Amino acid sequence: MEQTTFFTLGQRVHSSTDPRRVGTVKFVGNVEGYSGTWVGVDWDNEGDGKHDGSINGVRYLQGRSQNSASFLRPQNLSLGISLLQALKLRYQSQSTEQDEDEMYVLSASNKRVSVQLLGKDKIQDKLSRFEELTSASISYLGVSTPGDPAEISASVPNLKELDLMGNLITDWKDVGTICEQLPHLVALNLSNNLMTQNITGLPLLKAIRVLVLNSTGINWSQVEILEHSLPVIEELHLMGNNISSIKPTSSSTVQGFDSLRLLNLEDNCLAEWDEILKLSQLKSLEQLYLNKNKLTCIFYPDKNKIQEFLSNHESCEESYFPFQNLRCLLLGSNEINDLASIDSLNTFPKLIDIRFSDNPIADPGRGGLPRFVLIARLAKVEMLNGSEISARERKESEIRYVRLVMSKLLDNPEEINCLHPRFVELKNFYGIEDERPSVGAAGPQKMASGLLSITLKCVASSVGEKLPLTKKLPATTTVGKLKALCVSFFKLKSLKLKLFLQEEGSPLPMLLDDEMATLMDMGIGNESTIIVDEES
């Protein structure tokens, strides 16, 4: 007789043959045309199912997509195991002969060569002694319950880090039980566990400093409730939760989280910078991750906005500054496309690490700014798009930037001051006069007659390897003229060329596609490297 009473709507289950295939029960009952009882599951991963929840024109459940749902016999689904069962399965199971047979590499002749892991027995022996375990990963093993609380504390008393990603835990009370029995636990990963909306009854998690809640379905209102149970939280990861707004419960800005240093809100749906400003009073916040959202602009609060914060909250000190300790701001893969957003970053008091990649404003291929212009406009930044800015790169970038602005807007000082706030400061700092782009070792050079030392690297595959050439070229040389010169330099008469500027710290070279632009127009400075390639 089939045991169907175990399954209830909303219950989390996994396939009995694959604990990584996780879903939610959406139907239990009879399916027209088929005998017996069926369990309808909507799988987390699109493609794990066979349909959208309807069969032969009859809808039994609504799947998330066209192929996320399927019907299974009860015996083909698992309700999960306890935490301790998972630990034993992961750390005390002996490898089988089949496992040993599968440990091999392929030789040059495509034959299997068995691999023997030296010291494997010693490592396995150490991991199997639970009392010595300080870090454990039991991801995707179907954990659905803590099990006997007393057994947890007796078995793994020294556990500090626990990875429970991709299991079947849904109840916050179970999370509380686990943490209470592990007094030394400081880092907990609950990613890809679909947690319930109800967080009542959660005890004080006195030791948790790192909590990872990626793709758990949590919203900001629940985060505010969690804050009361996390007195020493330092890192909070909330990726992939479709968060579109920050809704503080007791004021206009987020309060508490006194120890929070890192907040990860990547891969959500935040579109308005005003929502992010609600985080500006988190005084310990040093790192804010906002990659893969929908932000179109950013700005630093003006004096009126700051005064509004001060007047609304008695707890605010008069010396309060928004984001006063923020050092790292990741904004990659958003929709930012204005210069004001770039320049506003100079106003953040301690910001030195910024990611702007995959935004229209920072993508030269879409008309955005090249790396050297970003560096020049961002006065205090030491790390850009994951790459450190050396003192040499900053100097060269700022001089190139001044030269570029002078070549385009020299006769319009008002427009320069409006569009290029740092121009006058940098021009004076480097002693660049109006008729001179730079001051080199040989003294001032006029813009019209200055020669630039340019290294040309030919990488055209059809002509084979060519040694790099270093040439002295006038700053007024156009891209089109340089292409013609490269044909002569490298004897490439039958090829159509394209040129790229290779920049220090930039992962991809910048295409030079305007044939009428001069080296000076492109901001190309002395000792630059240009890659010469053929069009495919």
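The values are calculated or read from the model by the stated rules, or taken from the named source; none is laboratory data. Computed from a predicted structure; not experimentally measured. Methodologically, a virtual Cβ is constructed for each residue, glycine included, from the backbone with ideal geometry; neighbour enumeration extends over all protein chains shown. Accessible surface is based on the protein model in full, side chains and every heavy atom, while ligands, DNA and RNA are left aside. Shrake-Rupley method; radii C 1.70, N 1.55, O 1.52, S 1.80 Å.
Can you tell me how many residues in the stretch 206-228 are buried (at least 19 other Cβ atoms within 10 Å of the Cβ) and of a type in the set (Gly, Ala, Ser)?
1
I'm trying to understand the selection: among the residues of the stretch 51-73, which are in contact with a Gly (Cβ under 8 Å, 6 or more places away or on another chain), in a strand (DSSP E or B) and of a type in the set (Ser, Thr, Tyr)?
SER70, the sole residue that qualifies.
Okay, residues lined up against (1) closer than 29 Å to THR253 by Cβ; (2) buried (at least 18 other Cβ atoms within 10 Å of the Cβ):
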| site | (1), (2) |
| --- | --- |
| ARG327 | yes, yes |
| GLY332 | yes, yes |
| SER344 | yes, no |
| ILE361 | yes, yes |
| PRO370 | no, yes |
| VAL381 | yes, yes |
| SER390 | no, no |
| ARG403 | no, yes |
| ASN412 | no, no |
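Grab the helices (runs of 4 or more DSSP H) fully contained in the stretch 137-248, keeping just those with 3 or more residues being within 25 Å of ASN268 (Cβ to Cβ).
220-227
Tell me whether the stretch 255-273 contains one or more residues that are in a helix (DSSP H, G or I), over 20 Å from PRO231 (Cβ atoms), in the same structural domain as LEU236 (by the TED database) and without any contact (Cβ under 8 Å) to a residue 12 or more places away in the chain.
So far as the stretch 255-273 goes, no, none of its residues is in a helix (DSSP H, G or I), over 20 Å from PRO231 (Cβ atoms), in the same structural domain as LEU236 (by the TED database) and without any contact (Cβ under 8 Å) to a residue 12 or more places away in the chain.
Out of everything in the stretch 151-190 that is within 30 Å of the chain's Cα centre (by Cα) and polar (S, T, N, Q), what residue ends up being surrounded by the most Cβ atoms within 10 Å (Cβ to Cβ)?
Within the stretch 151-190, the match that is surrounded by the most Cβ atoms within 10 Å (Cβ to Cβ) is ASN167.
Every residue in the stretch 431-458 that is modelled with pLDDT of 50 or more and surrounded by 14 or more Cβ atoms within 10 Å (Cβ to Cβ), please.
ILE432, GLY450, LEU451, LEU452, ILE454, THR455, LEU456, LYS457, CYS458 - these are the residues of the stretch 431-458 that are modelled with pLDDT of 50 or more and surrounded by 14 or more Cβ atoms within 10 Å (Cβ to Cβ).
Right, ASN198: polar (S, T, N, Q) and either buried (at least 16 other Cβ atoms within 10 Å of the Cβ) or outside the structural domain of PRO183 (by the TED database) (or both) or not?
Taking the combined requirement at face value, the residue does not satisfy it.
Kindly list the number of the only condition in (1) open to solvent by 50 Å² or more (accessible area, probe 1.4 Å); (2) touching a His at 6+ places or on another chain (Cβ under 9 Å) that fails for ASP148.
Unmet condition: (2).
Since LYS305 meets every condition but one in (1) assigned to a loop (DSSP other than H, G, I, E, B); (2) open to solvent by 30 Å² or more (accessible area, probe 1.4 Å), which condition does it not meet?
(1)
Are there any helices (runs of 4 or more DSSP H) wholly within the stretch 323-430 with 1 or more residues that are touching a His at 6+ places or on another chain (Cβ under 6 Å) and under 24 Å from ASP513 (Cα atoms), and if so which?
By residue number, 391-409.
Matching residues to (1) closer than 18 Å to SER215 by Cβ; (2) open to solvent by 40 Å² or more (accessible area, probe 1.4 Å); (3) not aromatic (Phe, Trp, Tyr):
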position: VAL13; (1), (2), (3): yes, no, yes
position: ASP18; (1), (2), (3): no, yes, yes
position: ARG21; (1), (2), (3): yes, yes, yes
position: THR24; (1), (2), (3): yes, no, yes
position: VAL28; (1), (2), (3): no, yes, yes
position: GLY40; (1), (2), (3): no, no, yes
position: GLY57; (1), (2), (3): no, yes, yes
